[in-house]
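Here the structure comes first, spelled out in structure tokens, and everything after it is commentary.
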Amino acid sequence: MKKVMLTAMAVVSFVTAKAQDAIGSEGFANGDVFISGAVGYGSTKTGDTKSNTLTLTPRVGYFVDSNFVIGLRAGYVSESLENTVIEDTFVEELDINTLEIGGFGRYYSTPADKFSFFGELAISYLSTDTDFGTGDFKTDGFGIGFSPGINYFLSPNIAIEAAWGALSYVTVEPDFEGAESTDTFEIGLDLDDITLGLVYKF
């Protein structure tokens, strides 16, 4: 009986130790590198009006200490519209392609844990090409935004994250002489401003 008890205690100790190792291996630490991103596609049709949107948002981050991350981000949005009305003008076909390149900084509240909150501040250069079919024009500008979010590890190397685009400021200017810039400040308050993505930790 004593041997059975000792064997059972050894098995419990081994399983507990393995579970603690698994828990400890999840989360982030100083010097970790991760890649993350999201892919989105949407299509709507109302009568003859059609809309297709493709979104790609890759990024890479590096933990400069236990809580802070710096990184690079990119984004590509392609939107195609057919038989739509823009500012009281009927447009048979419209393609809008936007490229975004920039950097970001994050602060994680409990990076070593399986679950953590973070806040991100990002700045980006934006370039948009708009094609009406009969002609096109380009706009350039920059944007800055703040996004709170959450991170949850599914395994030691893979996590999911959700970010809420709460605050943003964007200024853009068409690429032709005499054009005026357009400044936009937004506060995101609905579900359309939430993005989901996957994270892979090296």
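The values are calculated or read from the model by the stated rules, or taken from the named source; none is laboratory data. Computed from a predicted structure; not experimentally measured. Every residue, glycine among them, receives a Cβ derived from its backbone with ideal geometry; neighbour counts consider all protein chains shown.
Taking the criterion of being more than 19 Å from Tyr76 (Cα to Cα) and surrounded by 14 or more Cβ atoms within 10 Å (Cβ to Cβ), the residues of segment 147-160 that qualify are Pro148, Gly149, Ile150, Asn151, Tyr152, Phe153, Pro156, Ala159, Ile160.
Against the list (1) exposed (fewer than 15 other Cβ atoms within 10 Å of the Cβ); (2) of a type in the set (Ser, Thr, Tyr); (3) at pLDDT below 85; (4) closer than 29 Å to Phe132 by Cβ, the condition Ser13 fails is (4).
In segment 114-163, the residue that is modelled with the lowest pLDDT out of those that are of a type in the set (S, T, N, Q) and farther than 20 Å from Glu100 by Cβ is Thr134. The single condition among (1) surrounded by 15 or more Cβ atoms within 10 Å (Cβ to Cβ); (2) at pLDDT 90 or above; (3) of a type outside the set (Ser, Thr, Tyr) that Ala166 does not satisfy is (2).
If the condition is being within 17 Å of the chain's Cα centre (by Cα) and outside any strand (DSSP E or B), then segment 161-188 contributes Gly165, Ala166, Gly188. Each residue in segment 36-49 was checked for being in contact with an Asp or Glu (Cβ under 8 Å, 6 or more places away or on another chain) and at pLDDT 85 or above, and 1 of them qualify. Can you tell me which residue is farthest from the chain's Cα centre (by Cα) among those in segment 39-65 that are surrounded by 14 or more Cβ atoms within 10 Å (Cβ to Cβ) and farther than 14 Å from Phe104 by Cβ? The extreme case among them is Lys50.
I'd like to verify a number: residues in segment 96-140 that are farther than 29 Å from Asn67 by Cα and either under 13 Å from the mean Cα position of the chain (by Cα) or part of a loop (DSSP other than H, G, I, E, B) (or both), how many? Steps first, please.
Just the residues of segment 96-140 that are farther than 29 Å from Asn67 by Cα, to begin with: 96-99, 127-140.
If we keep only those that are either under 13 Å from the mean Cα position of the chain (by Cα) or part of a loop (DSSP other than H, G, I, E, B) (or both) too, we end up with 132-135.
Looking only at that region, the number is 4.
In this structure, is Thr195 surrounded by 15 or more Cβ atoms within 10 Å (Cβ to Cβ), at pLDDT below 90 and either hydroxyl-bearing (Ser, Thr, Tyr) or in contact with a Pro (Cβ under 6 Å, 6 or more places away or on another chain) (or both)? Here the answer is yes, as Thr195 does meet what is asked. Applying the condition of being surrounded by 15 or more Cβ atoms within 10 Å (Cβ to Cβ) and either touching an Asp or Glu at 6+ places or on another chain (Cβ under 8 Å) or within 23 Å of Gly145 (Cα to Cα) (or both) to segment 84-95 and asking which residue is modelled with the highest pLDDT yields Asp95.
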